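The values are calculated or read from the model by the stated rules, or taken from the named source; none is laboratory data. This one's a predicted model, so the numbers in the text were calculated from it and none came from an experiment. We place every Cβ from the backbone using ideal geometry, glycine too, and count neighbours over all the protein chains shown.
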Amino acid sequence: MYDYDAIVVGAGVAGLGQAALLQQSGKKTLLVDRWPRAGGRLQPYPQKDGYIIENGLHIVEMGKKGYCHEMAARAGAEIEWGSWTTGGEFYMDGRWVPDAELLKQSEGVMQRFVETLTRIAAMQDADFAAWDNRSVSQWLDHEGISGQLRVLWENATMIMTTIPDADEQSAGECLYIAREAMVKCNRVLAAAVPRRGMLGITEPLTRAFTEAGGTLKLGTVADQVVFEGRKVVGVRLRTDDGSPLAGEWRFRRGTLVTAPLVVLALPVWSLKSVLDMDPRRSPLPPWWIKRIRDIEGERTGLFGFMVATRRPLYEKPNFLSALSTPRTGYPFQGYSPTAYTEDVAPKGRYVLITDSVCEPEEVEDKFNLMAKMEAHWEDIKEMFGFEDGEVEFAWPYYTTGCDGLARKPGLTGNFKPDVEAPGVSGLFFCGDTYRGRGIGIESACYSSLLCFERIMG
Ligand SMILES: Cc1cc2nc3c(=O)[nH]c(=O)nc-3n(C[C@H](O)[C@H](O)[C@H](O)COP(=O)(O)OP(=O)(O)OC[C@H]3O[C@@H](n4cnc5c(N)ncnc54)[C@H](O)[C@@H]3O)c2cc1C
């Protein structure tokens, strides 16, 4: 007799959705997360004064037409959306240039753009697979795209992948993202922000799970997945007592909680904290362990600011980008959450979120990061025309692995690890580093739906 029918480890967006779907399908489900809050890499912090602070730039690909919305709807959770992105603006030669202006700058550019989009909209899944191990630069060369049109595509694919260099971006993934946006939303990139920011996703998903009778244990660390032979039988769980001894010097194994089904809704680089990855002891096949080890370092980096002011620094629900900023030299992304939904700030206050996209090593070196953040701050003051004295607060953030596995050639589509563990029964995975496509949240929810369908057969 098992304690639960299913244990889901990780209460990020993928794990929350997975747990809600399993519980609602009649499986008695336990959802655990090591952190005291649900949401994982989506961590909105509501403040007493009315601001909702996001842990970084978060905008959801395809809004109500995407997998995040579909997963939530299937779990009975309603996400209310603010505005759609109406377009893009690019920072070039010291000013913001709207996408429409860029397309009109030279003759025939718009027509060529539309022709390419028409071809992308007609692409099939097998076509993306054929481009998965080739770069965006190769695709642009193949299409003969140069000049302003190339600049426009390179901005779009940088946003799609958070990878600075088009030589390093997977063409298959970018073409898939563009096809979905074209077919479902009639544009190259479509995104929206929920009302109340990312709380508009994490709260209804959490409620959908707990109100269906699921058990949520936060502040609970999964220590090890336990097997009997080649079959999963449960997870060792522990709570930390907050003392430094617990984290650094004391070895604690936790208590076994049993279930015949375990879903690890955590990124591939966290697997070694719960799965014994030594092929001499593990029931998992050596090829799979090697593959996970090979790819777990494949991440991207970014750093930036959430800036609150008394006057809007940018007023349109647009996505803002640049291939290089004046001081950091890195690509830039940004948007104004209050232009999408006013309820993320108190009345009469405005928010802008910015970031610079870089290699993970740039973020992992603390003093390098501090210097780059200072440069980024000076860049955004110049780009958005504001002074230090106008700022209510500026919330700095940085991360590596923001969007899961870096969407480089050979790391997308079928190259991503499957949602079902090979060679053992009862072990599944979901989240943005597993099979599934799309930008961060979309890819996490896509994989969560794939995982649920596989579990249910
Ligand atoms: C700064 C930043 C900006 C981003 N911008 C965007 C954006 O604009 N658009 C977009 O689509 N995506 C964006 N993303 C990516 C998006 O947030 C992620 O793709 C998505 O949240 C991943 O969800 P997940 O459920 O797969 O994983 P996670 O959210 O990482 O969830 C995994 C959970 O597992 C838990 N866990 C790990 N190990 C254990 C353990 N041993 N025991 C218990 N629990 C454990 C973690 O605490 C975590 O809560 C951004 C991410 C960041 C960090």
| Among (1) modelled with pLDDT of 95 or more; (2) under 23 Å from ALA38 (Cβ atoms) - the single one THR239 does not satisfy | (1)
| field | Contacts under 6 angstrom Cβ, first residue in segment 154-171 being surrounded by fewer than 23 Cβ atoms within 10 Å (Cβ to Cβ), partner hydrophobic (A, V, I, L, M, F, W, C) and in a helix (DSSP H, G or I), 6 or more apart | value | GLU154/ALA166; ALA166/VAL136
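Regarding ARG291, is this residue surrounded by 14 or more Cβ atoms within 10 Å (Cβ to Cβ) and either in contact with a Lys or Arg (Cβ under 8 Å, 6 or more places away or on another chain) or under 15 Å from CYS358 (Cβ atoms) (or both)? Lay out the reasoning, then the answer.
Values: surrounded by 14 or more Cβ atoms within 10 Å (Cβ to Cβ): yes; either in contact with a Lys or Arg (Cβ under 8 Å, 6 or more places away or on another chain) or under 15 Å from CYS358 (Cβ atoms) (or both): no.
For ARG291, the condition - surrounded by 14 or more Cβ atoms within 10 Å (Cβ to Cβ) and either in contact with a Lys or Arg (Cβ under 8 Å, 6 or more places away or on another chain) or under 15 Å from CYS358 (Cβ atoms) (or both) - is not met.
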| query | How many residues does segment 1-24 contain that are touching a strand residue (DSSP E or B) at 6+ places or on another chain (Cβ under 8 Å) and near the ligand (Cβ under 8 Å from one of its atoms)? | reply | 7
| field | Enumeration of residues in segment 25-69 that are in a strand (DSSP E or B), near the ligand (Cβ under 7 Å from one of its atoms) and β-branched (Val, Ile, Thr) | value | VAL32, VAL60
| Hits in segment 322-351 (condition: on the phi < 0 side of the Ramachandran plot and surrounded by fewer than 21 Cβ atoms within 10 Å (Cβ to Cβ)) | LEU323, SER324, THR325, PRO326, ARG327, GLU342, ASP343, PRO346, LYS347, ARG349
| remark: All conditions in (1) among the small types (Gly, Ala, Ser); (2) touching a Gly at 6+ places or on another chain (Cβ under 8 Å); (3) surrounded by 15 or more Cβ atoms within 10 Å (Cβ to Cβ) are true of ALA100 except (3)
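Which of the residues spanning segment 181-197 are basic (Lys, Arg) and either under 24 Å from ILE52 (Cβ atoms) or surrounded by 20 or more Cβ atoms within 10 Å (Cβ to Cβ) (or both)? Lay out the reasoning, then the answer.
Taking segment 181-197 as the starting set, the residues that turn out to be basic (Lys, Arg) are 184, 187, 195-196.
If the condition is that a residue be basic (Lys, Arg) and either under 24 Å from ILE52 (Cβ atoms) or surrounded by 20 or more Cβ atoms within 10 Å (Cβ to Cβ) (or both), then ARG195, ARG196 are the ones that fit.
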| request: Determine, yes or no, whether THR412 is away from the ligand (no atom under 12 Å from the Cβ), assigned by TED's automatic domain parsing to the domain that holds GLY12, under 16 Å from the mean Cα position of the chain (by Cα) and not aliphatic (A, V, I, L, M). | output: yes
| message | Here is a check on your reading of the model: is LEU275 part of a strand (DSSP E or B) and either in contact (Cβ under 8 Å) with a residue 60 or more places away in the chain or within 16 Å of the ligand (Cβ to nearest atom) (or both)? | response | no
